[in-house]
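> Right, I'll just put the structure down here and ask away after.
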Amino acid sequence: MSAPHLEAARPTTSGTELGTPATDVPGGTVAAGPGVEHVVGRLDEIPMGEGRAYVAGGVQVAVFRLRDGSLHATQAACPHAGGPLADGQTDVDVLVCPLHLLAYRWSDGAATSGAAPIRLFPVREQDGDVVVTV
Ligand code: FES
């Protein structure tokens with residue numbers, strides 16, 4: 001197998017769409033397959049306990065830096081009605097959409113209410129950069 005490809009992406013402000021049009025991201029669980037790694041921004045752009053919206057390979061994603069130091073990435077638009085997930089509240093277990101307050105588990109993307117799940121993307125830090133695989 002070849003090494004993952006790294007591609008720079010343009011950051012956006014939280015919950016704001018800039019540049020590349022949204023790519024439809026259906027609800028689901030953790031992205032399957034190898035994907036492509038994209039550098040979406042710097043880790044220090046994301047305050048502890050908050051999320052920020054980015055575009056990774058044409059896909060709008062929300063990246064969260066939890067207070068335990070872990071990173072999580074999901075689709076930017078809530079599967080319920082398109083709420084800006086990057087503006088949601090989170091703890092180490094769940095993300096709560098700011099629009100109608102549905103909660104989604106970070107472990108598998110499932111909604112605690114049984115609604116459609118969010119899609120999760122692999123994310124990691126490398127030399128201060130946030131790298132999302134889509
Ligand atoms: S849009 Fe997210 S809970 Fe309704």
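> Before anything else, pin down the relative contact order of the stretch 27-113: Cα pairs under 8 Å, at least 6 apart, normalised by residue count, whole percent.
Working: 150 pairs, mean separation 17.6, N = 87.
Here the relative contact order equals 20 percent.
> Right, something else. From the phi of every residue in the stretch 35-40, what ³J(HN,Hα) in whole Hz does the Karplus formula 6.51 cos²θ - 1.76 cosθ + 1.60 yield, where θ is phi - 60° and glycine or proline is x?
My calculation for the stretch 35-40 gives x, 10, 7, 10, 6, 9 Hz in order.
> Now for a separate question. Pop a pseudo-label 7 angstrom from the Cα along the beta-carbon direction at both Glu125 and Ser70 and give the gap in nm to one decimal.
1.5
Since every read-out is calculated from the coordinates, none of them should be taken as a lab result. Note that this is a predicted model, so its numbers are computed, not measured. Reconstructed Cβ throughout: ideal geometry from the backbone, glycine too, with neighbour counts over all protein chains shown.
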